[in-house]
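Structure, as structure tokens:
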Amino acid sequence: MTQELPKTYEPTIAEKKWYDTWEKGGYFKPRKGKKNEGYCIIMPPPNVTGRLHAGHALDITTQDALIRYKRMKGYETLFLPGMDHAGIATQNVVEKMIMETEKKTRHDYGREAFIKKTWQWKEEYGGIIASQQRVMGASPDWDYSMFTMDPEANEAVRKVFVNLYNEGLIYQSDYIINWDPVLQSAISDAEVDHKEVNGAFYHILYKIKDSDETLEIATTRPETLLADTAVCVHPDDERFQKYIGKTAIVPFCNREVPIIADDYVSIDKGTGCLKVTPGHDFNDFEIGRRHNLPIINMLNKDGSLNEIGLEFKGMMPPKARKLIVEKLEEIGQLKEVKKHTHQVGHGERSGAIIEPLVSKQWFVNVKEMSRVAVEAVEKDDTVFYPKQWENTYFSWLREPKDWCVSRQLWWGHQIPVFYCNKCNHQWASEEDPTICAKCSDKDIKQDPDVLDTWFSSALWPFSTLGWPNPERMKQKKFDTFFPTSVLVTGFDIIFFWVARMMMMSHKVLDIRPFKHVYIHAIVRDKFGRKMSKSLGNGIDPLETAAEYGADAFRFTLAAGSGYNRTLNLDPERINGYKAFVNKLWNAFRFTYPFLQDAGELPKDFSKLDHHERWILAELNTVAAQMNSSLDEYRFDESCQAIYHFVYEKFCSWFIELSKPILYGDNEDTKASRAAVLRFAFKEIVALLHPITPFITEELWEHLKSKDEDLLIVKDYPEEKEELRFTKDQESMNKFVEIVSSIRGVRQSVGIKPKDEVALEVYTDEAELISYLKEHESGLKDMARLNSLVVKSKSEARPDKSAVAALTYCELFIPLEGLIDINDQIQRLNKDLAKTQAEIAKLNKKITNPQFIDNAKPEIVEKVKVEAAELKEKEDSLLKSLANFK
RNA sequence: UGGGCUAUAGCUCAGUGGGAGAGCGCUGCCUUGACAUGGCAGAGGUCGACAGUUCAACCCUGUCUAGCCCAACCA
């Protein structure tokens, strides 16, 4: 029974149907396969507030392709999904929500109630992204899903924190940090964007105590002078030698500060004289440390000036700056103002100007951990693909700064450090204590800060697999899946995430967290611009999947993923691959009626004909290519290989050559051809399945035998020794070349595609002669010939003909009176010029004794053979040309 | 300013010490009984510039230029 298939592939229905079938059927769950080996990818947990964007789509496509590939190869496969609590982002969302709906701030709620509210928000709105990942065809085991704020994750976080604390690797310190006055929290260096801002150098005169002299100081931040605690010059600067050790007087506050010398100061920059504000400048902080200067903080948490700001108290820095400059001018201590553009740090999330601020923060000493993490990559224990990204990784870790892990937020893992109000004891604890560990007093409190989100992310590869609870670890098959197989992510979080997982895994478990790191490209728009809300150039994966089909979208993303750093996504490309998916569909639609009763491939391959052996050999080649390219994360090569095979080899030649057989009445050849077509089709959908899971599963349903399971768990095709029909591949290449040449000649003389012509082939190659005789009908069919004559090269050529010369034969189409001789001459001359240029190049080599002496013998031989072949072609061309004259 | 990466067809990118490739786009012809989301044929590149190593350089080395990324920062 032939079932009517629609003319175009309709993705939406198939996608929903198959996703449900897979998920409900438990096909995403790890199963023991023939490899008896685990394969695990931990999905980078997207933010709980997030919506799927193009970058996620790429993440999922590459990871899911790997997972599906390994699953089919028989590994026990786990794709582990999750979500990140995204401290700042989530807190912002909830704060915004309660402000809009209830006109309340988080302080109105209080900490406990606010956190409860945030959990409510999470349950209600969070994690939409998981359903969006399903649309893309992701095949993780959803039962493994974890949230970075889950109790299990918290258990891991607390255990690691307490261990590091007790080892002395976590410490609290006054330190100058990036303070975001809008978020009212410390943020990491990496969350600060430096933007160019138009400012000015203000040249200010500082009086010197007991003297009429002044020092001219240049600064871009005059308002911070109120917190100055020194003036600094270079120790070798002759101009200022006499002042070193004396005392300067800070304007307004009349603070007396020392004039010190430090070689941080450049003699030729600015005025060579620097005001030192250890409380509000990173470098000044370092100078202050070296010289034991006091630290003065002149800012409130919201960024406004505090009482140190005197009459400017309460103002924000820009306003204070303006007034201070005006006043300096009034009192004659402003020398000049020079316009100047400089870089100012802005909060990545809030956009606020970041204030360097000294405060008590928690730090992780990463010195030893980063050394170990560097070593692991140096000795290839963990390998990056592409390798060059290891440089980026090293550059971060070879000069590590201690990691500031405290954040002044409410939403996150609260730091498990406790204080006794009575005896001032401080200690870290995995469990919430009720009494002081030292004096047993009940008046204790927990540190109010929470941990940087990346702290919990750093533990993610093992906290998701049950660590530190032995029972959970067993249940989640920790031993099978850890270390994980590969981490797939973008280069932008090599430091944020990859480096920290490496550090923590080695520190906590003394083993690598993953064997490979595949760094994929960053998705940009077709002009290479970042996708952003403000540009409005983002590509919505859901809309894209709906418009082109998830398979076409996945294929596009995979085809653009290799070792490149950017992927410029052009909807035109997606449309192109939609055509490819449709092509596959139609190839199937055509062959389908013949496949339904088709048998299996014969055991004895000698029963197969030349074209059948050829397509099996090509299929074998493409299977080898798919395996090796997927193993190396060269998705671009995989896509190219299968695309080329399906279009060029399978559709254009094999199906075309099969038509006369399938429509013919020789039942034996028909049956053989149908069996090969069915086998080839099954292999094609299997090869493609990791990249385009939906349409392949849909086609598989029609192709599989009754006792076969779904495609998602079918064996992945691998190269087979018995299918290497090299000779058939070689002769088929000639067949293709001859047909294409004939078509080219036909076209050049304007023969209509429909019209049949006669062909005369001149050659002396015995093998070719018998091959042409054997495949006369196929040749006639593909080149639209009504007759074929093969003659020896010694025979006379017909007069008025369209001609093509190959290295091993000449093709003549006699066309009495029909052809434009000049066109032909022009064509042949062009070919001749090209051929002769090639010959000249090769001859130059052959006649060069140094080439003969130095080049490898096989290269010399190859060049000689080529030259001889081309010479033959040249002779043919010259003869043909002479014929026309 | 330092470090890294990149420079190949109109666009996006592969690639190799010995004959310049793919996809898309473009041009021409074709509504041939799976598919016009198609078929066939074709045009298009001094492989960023200069020098060096080599019998031989798009590939290796150096210098320069341009772009991107990271870091630092001009007080």
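The values are calculated or read from the model by the stated rules, or taken from the named source; none is laboratory data. Worth saying up front: this structure is predicted, and the values here are computed from it rather than measured. Positions of Cβ are backbone-derived with ideal geometry, glycine not excepted, and every protein chain shown enters the neighbour counts. Areas reflect the complete protein model, heavy atoms only, side chains present, ligands, DNA and RNA absent. Shrake-Rupley method; radii C 1.70, N 1.55, O 1.52, S 1.80 Å.
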Taking every DSSP bridge whose two residues both lie in segment A:675-825, the antiparallel percent to the nearest 5 is 55
Of all DSSP beta bridges having both residues in chain A, the percent classed as antiparallel (nearest 5) is 70
Nearest 10, in degrees from 0 to 90: the angle of helix A:667-688 to the longest Cα principal axis of chain A is 10
With a ≥ b ≥ c from the Cα gyration tensor eigenvalues, square-rooted, and the rule rounded for a/c under 1.5, otherwise prolate when a/b > b/c and oblate otherwise, segment A:506-657 is oblate
If every Lys and Arg gets +1 and every Asp and Glu gets -1 at its Cβ, then about the Cα centre segment A:472-603 yields a dipole, in debye to the nearest 20, of 600
Nearest 10, in degrees from 0 to 90: the angle of helix A:693-703 to the longest Cα principal axis of chain A is 30
The relative contact order of segment A:1-105, taking Cα pairs under 8 Å that sit 6 or more residues apart, comes to a percentage of 34
Per the charge dipole of chain A (beta-carbon charges, Lys/Arg positive, Asp/Glu negative, Cα centre), the residue among A:Ser748, A:Ile435, A:Ile691 reaching farthest to the positive end is A:Ser748
Karplus ³J(HN,Hα) for segment A:160-168 (6.51 cos²θ - 1.76 cosθ + 1.60, θ = phi - 60°; Hz, whole; x = Gly/Pro) runs 5, 4, 5, 4, 5, 4, 5, 7, x
The farthest towards the positive end of the charge dipole of segment A:583-657, of the residues A:Ile615, A:Ala587, A:Met626, given +1 on Cβ of Lys and Arg and -1 on Cβ of Asp and Glu, is A:Ala587
Lys and Arg at +1, Asp and Glu at -1: neighbours of A:Phe312 with Cβ under 14 Å from its Cβ sum to +2
Amide H contacts under 5 Å for A:Ser185, restricted to residues at least 5 apart in sequence or on another chain and with H modeled in the peptide plane, are A:Asp180
Expressed to two decimals, segment A:694-823 has a Cα Rg over Rh, using the Kirkwood radius, of 1.18
Relative contact order in percent for segment A:602-656 (Cα pairs under 8 Å, 6+ apart) equals 35
The summed charge of the A:Ala868 Cβ neighbourhood (under 13 Å; Lys/Arg +1, Asp/Glu -1) stands at -3
Taking segment A:1-86, the equivalent ellipsoid from its C-alpha gyration tensor has semi-axes in Å, biggest first, of 27, 22, 11
Longest principal axis of chain A (C-alpha) makes with the long axis of helix A:11-24 (C-alpha) an angle, in degrees to the nearest 10, of 70
Magnitude of the Cβ-charge dipole (Lys and Arg +1, Asp and Glu -1) of segment A:1-119 about the Cα centre, nearest 20 debye, reported as 420
Out of A:Trp497, A:Ser463, A:Gly87 - ranked by how far each Cα lies towards the positive end of the dipole of chain A, with unit charges on the beta-carbon of charged residues - the top one is A:Gly87
Both in Å, the radius of gyration and Dmax of the C-alpha trace of segment A:261-323 are 13.7, 36
With all protein chains present, chain A has a carbon and sulfur share of its accessible area (1.4 Å probe) in percent of 49
Measuring from its Cα centre, segment A:289-354 shows a charge dipole (+1 at each Lys and Arg Cβ, -1 at each Asp and Glu Cβ) which, in debye to the nearest 20, is 280
In segment A:743-820 the DSSP beta bridges are antiparallel at a rate, in percent to nearest 5, of 55
Counting only residues 5 or more apart in sequence or on a different chain, those whose built amide H sits under 5 Å from that of A:Cys40 are A:Leu78, A:Ser485, A:Val486
Over chain A, the sum of -39500 (n - 2.57) across DSSP H runs of at least four, divided by residue number and rounded to 500 deg cm²/dmol, gives at 222 nm -13500 deg cm²/dmol
To the nearest Å², the heavy-atom accessible area per residue of chain A with 1.4 Å probe amounts to 46
Working note, chain A: Cα radius of gyration (Å, one decimal) and Dmax (Å, whole number) are 37.1, 117
The answer for the net charge of residues other than A:Lys793 whose Cβ lies under 13 angstrom from its Cβ, with Lys and Arg +1 and Asp and Glu -1, is -3
